[in-house]
Amino acid sequence: MVLVRNLKLTILSIGYCFENMKAAVFREYNKDPLQVVKIEDIDMPKIKPNEILIKVESAGYNYNDLWAIWGEPVKTPLPHISGSDVAGVVVEVGEEVRNFKQGDRVVSHSNMSCRVCDMCTSGREYDCPDRSIWGFQTGPLWGGFAQYTHLPEVNVSKLPDNVSFDQGAAISMVGMTAWHMLVGRAKIRPGQTVLIMGGTSGVGMAGIQISKLYGCDVIATAGNKEKMDTCLGLGADSVVNHRESDWYKKVRELTNKQGVDVVFEHIGKSVFPQEVGLLKMGGTLVSTGATTGYDSAIDLRYLFFKGTNLLGSTQGTKAELDEVLYWTNKGKIKPLISTTLPFSDMAKGHVMMANAEQIGKILTTPHKL
Ligand SMILES: [Zn+2]
């Protein structure tokens with residue numbers, strides 16, 4: 001009996017070599033994901049000597065998946081598989097891979113960089129001129145919305161025991177991005193007041209929890225009552241509705257008219273001037289996006305007279321991803337998950353993302369159709 005079971009396991013473990021796999025593929029750009037994203041049978045990926053083959057148990061959605069499907073603002077390689085966040089199990093390793101073996105639980109690190117330039121070797125892989133985001137700029141047919149995918153060893157982290165596949169896929173990119181913004185760039189300290197814009201977005205929910213981990217006072221913003229309550233549940237000390245025209249006045253009142261030390265920004269044009277006005281002398285605004293528009297104005301007097309720090313931030317380092325996974329394993333960062341879609345319905349997740357219907361991350365499970 002044991003022999004039969006072992007034989008079955010062996011057949012299962014090598015079976016993928018001879019099979020196709022299912023993947024969510026689009027072959028042309030379209031504003032409506034439902035028109036072009038289809039589940040197809042395609043060839044299993046073949047790994048290079050430095051790569052790992054991963055059975056994808058859970059894959060997370062990000063806004064860059066929509067840019068890829070739209071073909072705006074960047075044309076992605078076609079045919080395309082989106083998906084920059086996966087968690088799963090190692091099924092094969094290349095001959096040069098040192099730190100992973102079959103059966104390891106892993107999560108993707110989507111920031112692909114050259115690892116040899118001045119930026120990379122000084123620890124700034126996010127500033128690498130050859131940087132690309134896996135699942136967005138890579139391809140053809142190289143992303144996470146597939147039953148199996150492959151990544152270089154350097155783009156894979158081990159998933160700690162207490163972090164589920166869904167949690168890993170939900171936190172990897174947004175957690176790393178938020179960590180880099182707050183810890184890597186803004187260098188938050190205990191006692192500071194941090195304003196987290198869009199507190200129930202992927203980066204926002206991580207931003208609230210990381211700021212609390214660092215002993216900061218957190219004021220979060222959200223667009224409706226349900227989202228505001230979610231922010232408080234994540235640990236925010238107070239919350240305001242950023243859809244109300246006087247939202248910034250309420251933030252100022254909450255700080256006894258002192259303003260905030262750090263603004264965590266990814267919303268863009270609709271709120272940027274007010275955010276800059278809310279900073280204390282020598283305060284810091286750190287930005288990682290501009291969902292409502294990028295051509296914002298700034299009163300330069302706020303910049304020089306108040307000694308304002310305006311910082312940009314994109315992605316993060318693999319070490320920062322590992323920090324996030326460490327604290328997720330400790331239960332100090334709890335990924336906020338909205339829903340997990342069966343793979344056959346995965347295109348609906350893109351529509352939910354576009355309509356901002358969800359609170360927290362959307363996931364899909366490629367092996368559960
Ligand atoms: Zn580089």
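Things worth noting here:
- Test: residue in region 126-137 that is at positive phi and modelled with pLDDT of 95 or more: yes
- First in region 101-114 and closer than 16 Å to D130 by Cα, second anywhere and of a type in the set (D, E, K, R) and in a loop (DSSP other than H, G, I, E, B), Cβ under 6 Å, 6 or more apart: S113/R131; C114/D130
- Within region 144-170, the set of residues being within 16 Å of the ligand (Cβ to nearest atom) and farther than 20 Å from E323 by Cβ comprises just one member, P152.
- Subset of region 321-359 [among the aliphatic types (A, V, I, L, M) and either over 17 Å from V203 (Cα atoms) or over 16 Å from the mean Cα position of the chain (by Cα) (or both)]: L341, M346, A347, V351, M352
- Within region 91-143, considering residues that are in contact with a Pro (Cβ under 9 Å, 6 or more places away or on another chain) and of a type in the set (D, E), the one surrounded by the most Cβ atoms within 10 Å (Cβ to Cβ): E96
- Filtered residues of region 86-143 (kept if more than 16 Å from the ligand (Cβ to nearest atom) and in a strand (DSSP E or B)): V86, A87, G88, V89, V90, V91, E92, V93, R105, V106, V107, S108
- Every pair of residues 6+ apart whose Cβ atoms lie under 6 Å, when the first sits in region 345-365 and is without any contact (Cβ under 8 Å) to a residue 24 or more places away in the chain while the second is in a helix (DSSP H, G or I): Q358/M352
- Residue in region 175-191 that is closer than 30 Å to P366 by Cα and either in contact with a Lys or Arg (Cβ under 7 Å, 6 or more places away or on another chain) or of a type in the set (V, I, T) (or both) present: yes
- Unique residue being at pLDDT below 95, assigned by TED's automatic domain parsing to the domain that holds K227 and within 25 Å of the chain's Cα centre (by Cα) when the list is S296, S287: S296
- T177 being within 24 Å of D41 (Cα to Cα) and either assigned to a strand (DSSP E or B) or in contact with a Ser or Thr (Cβ under 8 Å, 6 or more places away or on another chain) (or both): no
- For I267: the one exception among (1) surrounded by 14 or more Cβ atoms within 10 Å (Cβ to Cβ); (2) hydrophobic (A, V, I, L, M, F, W, C); (3) modelled with pLDDT under 95; (4) more than 17 Å from M205 (Cα to Cα): (4)
- Residues that are in contact with a Phe, Trp or Tyr (Cβ under 8 Å, 6 or more places away or on another chain) and farther than 16 Å from Q315 by Cβ, drawn from region 151-179: E153, K158, L159, P160
The values are calculated or read from the model by the stated rules, or taken from the named source; none is laboratory data. The structure presented is a predicted model; accordingly, all values stated were derived computationally and were not measured. Don't worry about glycine lacking a Cβ; one is built from the backbone with ideal geometry, like all the others, and counts go over all protein chains shown.
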